[in-house]
Amino acid sequence: MIKQIPNIITSLNLLCGCVAVMFALSGDLITASFFAFLGIFFDFFDGLAARLLNASSKVGLELDSLADMVTSGVVPGFVMVQLLSQAITGDYLNITEIFSDNNWNEGFTQFLPFIGLLIVVASAYRLAKFNVDTRQTTSFIGLPTPANTLLILSLPLILAFQHSDLVVDVILNKWVLIGLTILSSILLNAEIPLFGLKFKTWGFKGNAIRYVFLIIAIVGLFLLHFLAIPLIILLYILMSVFWKE
């Protein structure tokens, strides 16, 4: 039973992702974000539990990817679809409204939000590559799917809790959202080496980049709240590219 604990935690990630999908499809992006964040939390601890209990397995690896595909692939894609819908039509749509007869008669513009599903496809390809890429044992090649999910899901949270005219004008600009969709899909699969956040030792030597990044991230979240998340993801990429230990 102890050996199954990591798989149980992974299953909780999957369950949270499924609930998040349901809320995203109904247009409740705040609750969807909450469950997706909870799923990412479980995703972090399933690997830790597997290492501590010496319970790693091939089944666990595959289950982890399947759970990530839902929580960190399908959810951000559907959230982007809803954000684009809001930008174009002025409102979030539930699944019945999206496929209603009226919407099918509105022309091409009505279906522009489906560009957000590129994130789902790019996430699936990134996870498939990760499972067979031996270079990504302690670091990453391309933006990890949970990081991309945090980036996308920060947008409705910023709109809801840090609302301003400038925020609305930027986030709910359809071209900004389409550009972000394309950019995030590229970053997920780009040949960019990114450092991992797993600590093999707790000393500063060899972990300087991790400590500096975590300190800046915590301070940023404290000062800027959800607005800090896109900046933290950008900082993560820049530090990975330019920091030389």
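The values are calculated or read from the model by the stated rules, or taken from the named source; none is laboratory data. Just so it is clear, the structure is predicted and the values come from calculations on it, not from any experiment. In this analysis, Cβ positions are derived from the backbone assuming ideal geometry, glycine residues included, and neighbour counts consider all displayed protein chains. Just the protein is used for accessible areas: all its heavy atoms, side chains included, with ligands, DNA and RNA removed. Shrake-Rupley method; radii C 1.70, N 1.55, O 1.52, S 1.80 Å.
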Of every hundred units of 1.4 Å-probe accessible area on the chain, the number belonging to carbon and sulfur atoms, as a percent, is 72
Could you sort Glu191, Glu62 by accessible area so the largest value comes first, with the probe set to 1.4 Å?
Glu191, Glu62
Calculated FRET efficiency, Val132 and Arg51, Cβ-Cβ r, R0 25 Å, to nearest 0.05?
0.75
Column: log10 I(q)/I(0), Debye, Cα scatterers of the chain, q = 0.11, 0.14 Å⁻¹
-0.60, -0.96
With labels modelled as points extended 7 Å from the Cα through the Cβ direction, what inter-label distance (nm, one decimal) is found for Val168 paired with Phe114?
3.0
If Lys and Arg each add +1 and Asp and Glu each add -1, what is the summed charge of the other residues whose beta carbon sits under 10 Å from the beta carbon of Leu188?
+2
If each DSSP helix of 4+ residues adds -39,500 (n - 2.57) and the sum is divided by the residues in the chain, what number results at 222 nm, nearest 500 deg cm²/dmol?
-22000 deg cm²/dmol
According to the Cα gyration tensor, what semi-axes, each the square root of 5 times an eigenvalue, does the equivalent ellipsoid of the stretch 29-91 have, listed from largest to smallest in whole Å?
32, 12, 5
Within the stretch 177-200, backbone nitrogen closer than 19 Å to the virtual label 7 Å beyond the Cα of Ser139 toward Cβ
187-200
Would you list the membrane-span-like helices of the chain, meaning whole DSSP H runs whose alpha-carbon atoms span at least 30 Å along their axis and whose mean Kyte-Doolittle value is at least 0.0?
5-26, 29-52
Accessible area of the chain divided out per residue, in Å², using a probe of 1.4 angstrom:
53
The longest stretch of the chain containing none of the chymotrypsin sites (Phe, Trp or Tyr not before Pro) that sit in a DSSP loop with at most 10 other Cβ atoms within 10 Å is 100-201
